């Protein structure tokens, strides 16, 4: 049975709201006298929805919205607002509140609002649970550069959700993935040589555009396969270009090469991933990320 | 010039400060290069000698931002100026060190420190 937590410092108003919601036999009501008390109770048991007054001592409704959004992003908060607090209600909605109900119309609107918000939250919670079961996915992408940041951001969320990486290591992983994807797009599918970039930059950009429009480059795709568990991530990125020999690349950290514009993508991939392997043709790279485990001495194994 | 999407430029005396507008983890390479090349023109337009690269808005960056910094460095070096880098995130610092750029560019904590260093 869904649990509604009613937060209000006035015992009379709490009873009033509890009575209105109690008309539904499908809801269980719990109470808290202010935002702090509500958060303490949520540490023990998380309700399905929070209905809160706006003005309360210790922690008001607006602060409670912010705290719940941060700590329990799947728990919706509905505000009860008094006359003249519309502006604060707008702030609360911007901060992540699911809805608000003016106190003057609680009797007619509150129960319907709670039921609607619960229905929407249930759908979202189910989606999230479903995504929690996902350990892999694959993508086939056109030569459109704007897809790469979108994909990297998606993978960043995926690896964070699975617990494979903490925030910092997740960022490192994203750096490596972005390099691999850009490498596959520009050097793989569009067959653009790094050396071209060292010359006329306007001409280089024109060449990128020309290749995007002309065959055989135009029809080529990027194939991305992702498999992520809480301890291991494998990312396979394949392009349809001619391939290359990674061993032929100059060392970008050699002082003689520091002024060169390119050649650092593979270095970053190797630095931030646990393993980077190319296939024989050089058009497919497999990047492996393993979960870092802290030893008793606090160092990473 | 179209409105910059990734970077902004602020003149401070003889120095131009190049700063990321917001976290651009995942910028679109072609757009970033085009925008950067246009911004670099301000070095000569404003008669600026030195440059500061302020990376404060970035959680992370990759080889494309490194490339843009090399282009900037080469431009200011060609006119006898210097480049300083500031406000670098922990991962950003790892990236600069990995690429060995910490051996050629001064990397300092704040923009003020970078500006004083170049002025001194």
Cα→Cβ-extended label distance, 7 Å offset, between residue B:57 and residue A:292, nm: 2.8
Exposure proxy order (Cβ contacts within 10 Å, fewest to most) of A:103, A:44: A:44, A:103
Centroid-to-centroid separation of the range A:23-55 and the range A:168-184 [C-alpha atoms, Å]: 42
Order of B:53, A:56 - criterion: other Cβ atoms within 10 Å of each residue's Cβ, fewest first: A:56, B:53
Potential extension, residue A:112-residue A:13 segment - 0.36 nm per residue separation minus Cα distance: 33.8 nm
Euclidean distance between Cα centres, the range A:3-17 to the range A:248-270, Å: 64
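In nm, what is the difference between 0.36 nm times the number of residues separating residue A:214 and residue A:195 and their Cα-Cα distance?
4.7 nm
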0 to 90° range, to nearest 10: angle between helix A:167-182 axis and chain A longest Cα axis: 40
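Which values, in whole Å and largest first, are the semi-axes of the equivalent ellipsoid of chain B obtained as the square root of 5 times each eigenvalue of the Cα gyration tensor?
19, 18, 13
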Relative contact order computed over chain A (Cα-Cα under 8 Å; 6+ residues apart), in percent: 13
Calculated diffusion of the range A:190-233, Stokes-Einstein form, Kirkwood radius summed over Cα pairs, 10 °C and 1.306 mPa s, µm²/s: 123
Cα gyration tensor category, rounded, prolate or oblate, for the range A:144-194 with a/c compared to 1.5: prolate
Relative contact order (%) - the range B:44-115, alpha-carbon pairs under 8 angstrom, separation at least six: 38
Net lengthening on full extension, residue A:90/residue A:132 (0.36 nm per residue, minus Cα-Cα): 11.9 nm
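For peptide A:171-179, what's the mean number of Cβ atoms from other chains within 10 Å of each residue's Cβ?
Going residue by residue through A:171-179 and averaging, the value is 5.
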Estimated D of the range A:153-301 in µm² per second, where Rh is the Kirkwood radius over Cα pairs and Stokes-Einstein applies at 37 °C, 0.692 mPa s: 197
Cβ-derived FRET efficiency at R0 25 Å, residue B:75 paired with residue B:119, nearest 0.05: 0.85
Cα principal axis extents for the protein assembly as shown, largest first, Å: 77, 53, 52
Pairwise label distance in nanometres, residue A:3 with residue A:105, each label 7 Å out on the Cα-Cβ vector: 3.1
Rounded, prolate or oblate (a/c below 1.5 giving rounded, otherwise prolate when a/b exceeds b/c) for the range A:1-115 by Cα gyration tensor: rounded
Choice from A:174, A:133, A:165 with maximal GNM fluctuation in chain A (Cα, 10 Å cutoff): A:133
For chain A, built as a Gaussian network whose Cα springs stay under 10 Å, the top-fluctuating residue of A:151, A:181, A:207: A:207
Considering only the protein assembly as shown, percent of DSSP beta bridges that pair antiparallel, nearest 5: 50
Crossing angle, helix A:201-213 versus chain A [Cα axis fit, 0-90 degrees, rounded to tens]: 80
Between 0 and 90°, nearest 10: helix A:86-95 axis offset from chain A longest Cα axis: 40
Residue order, fewest to most beta carbons within 10 Å, for A:100, A:154: A:154, A:100
Separation in nanometres of the label points that stand 7 Å from Cα toward Cβ, at residue A:279 and residue A:63: 5.8
GNM top mover of B:35, B:45, B:67 - chain B, alpha-carbon springs below 10 Å: B:45
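None of the figures in this text is laboratory data; all of them are computed from the coordinates on show. For clarity, every value in this text was computed on a predicted model and none was experimentally measured. Here Cβ is always computed from backbone atoms with ideal geometry, including for glycine, and neighbour counts include all displayed protein chains.
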